[in-house]
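Notes to accompany the following structure.
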Amino acid sequence: MRARLALAGLCLMLALPAAAADYVALPGGSFNSVLPADGKAAAAQVAPFRLRTEPVTNAEFLAFVKTHPQWRRDRVAKILADERYLSHWADAGTLGDAALPRQPVTRVSWFAAQAYCESEQARLPSWYEWEYAAAADATRHDARADPAWRESILGWYSRPSSKALPDIGGTPNAYGVRDLNNLVWEWVDDFNALMVASDSREQGDPDLLKFCGAGAISLQEKENYAVLMRIAMLSALKAADTTNNMGFRCAKPQ
């Protein structure tokens, strides 16, 4: 009798849907981004939004491809993901030893990340939203003026790329968001709008979130090299590209 009850309980657990991802509310407001809103010095205006508290994991992305098989690595359209897409998984439907369940999923394209977020009735965060959330440390909403904080992030950048990723679940920042600066690079919605020639910006380019080459000299917070490295990384990518250390998290409006 006890064995039948235990089996019934196991079956019930297997039938339950996966727990919903946690999102936390961020208040938004005026924010001095490294990319001035007018290309010169104006602060960015960030509307209130909700952000996933942790990056998407391998286990979560595996569940997604099982319910959205068009995003399996053996079925995905080549225009939507390059040949490295999920290549560290054992096969199209199994993680294996190189992709542990609680590690952040990587080797995902922008297209795949956006599709996953849509499955959570969400989207990828904008650059301003990501930068706003990532400026916080454990106690301060904006720790960017602290040299020790900047050095800690640069220390992560120096980690060998071949080193295995740790599981998610680091110390939350002042907003309650984890692992923004010390685990993986992260896709943002407008990654391909971060760079254009400075000449077009000076001539009234309507997309003022674009910078390139000599235009970088007008970036604010030049000492915040760690953030500028992220901009350079994102700007070098195409939407179908995947890398060993590019993951993502999702955002929602308030």
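Specify which of the listed residues (125, 104) is open to solvent by less than 10 Å² (accessible area, probe 1.4 Å) and touching a Lys or Arg at 6+ places or on another chain (Cβ under 8 Å). Full working, then the answer.
Numbers: 104 fails: touching a Lys or Arg at 6+ places or on another chain (Cβ under 8 Å).
Being open to solvent by less than 10 Å² (accessible area, probe 1.4 Å) and touching a Lys or Arg at 6+ places or on another chain (Cβ under 8 Å) holds for just one of 125, 104, which is 125.
Out of all the residues in segment 129-137, is one or more part of a loop (DSSP other than H, G, I, E, B) and over 19 Å from residue 26 (Cβ atoms)?
Within segment 129-137, not a single residue is part of a loop (DSSP other than H, G, I, E, B) and over 19 Å from residue 26 (Cβ atoms).
Can you tell me which of (1) out of contact with any Asp or Glu (no Cβ under 6 Å at 6 or more places or on another chain); (2) modelled with pLDDT of 95 or more; (3) open to solvent by less than 20 Å² (accessible area, probe 1.4 Å) is the one residue 184 doesn't meet?
Result: residue 184 passes all but (2).
Name the residue, out of 222, 210, that is open to solvent by 60 Å² or more (accessible area, probe 1.4 Å), at pLDDT below 90, charged (D, E, K, R) and in a loop (DSSP other than H, G, I, E, B).
Going through 222, 210 in turn, the sole match is 222.
Among strands (runs of 3 or more DSSP E) lying entirely in segment 1-75, which contain 2 or more residues that are within 30 Å of residue 107 (Cα to Cα), modelled with pLDDT of 95 or more and not basic (Lys, Arg)?
Those strands (runs of 3 or more DSSP E) span 23-26, 49-52.
Applying the selection to segment 77-98, what residues are over 21 Å from residue 249 (Cβ atoms) and either over 20 Å from the mean Cα position of the chain (by Cα) or outside any loop (DSSP other than H, G, I, E, B) (or both)?
Across segment 77-98, the qualifying residues are 77, 78, 79, 83, 90, 91, 92, 93, 94, 96, 97, 98.
The values are calculated or read from the model by the stated rules, or taken from the named source; none is laboratory data. What you are looking at is a predicted structure, and each value in this text was computed from that prediction instead of being measured. Positions of Cβ are generated from backbone atoms using ideal geometry, with glycine treated the same way; all protein chains shown enter the neighbour counts. When the accessible area is computed, the model is the full protein with side chains, heavy atoms only, and any ligands, DNA or RNA have been set aside. Shrake-Rupley method; radii C 1.70, N 1.55, O 1.52, S 1.80 Å.
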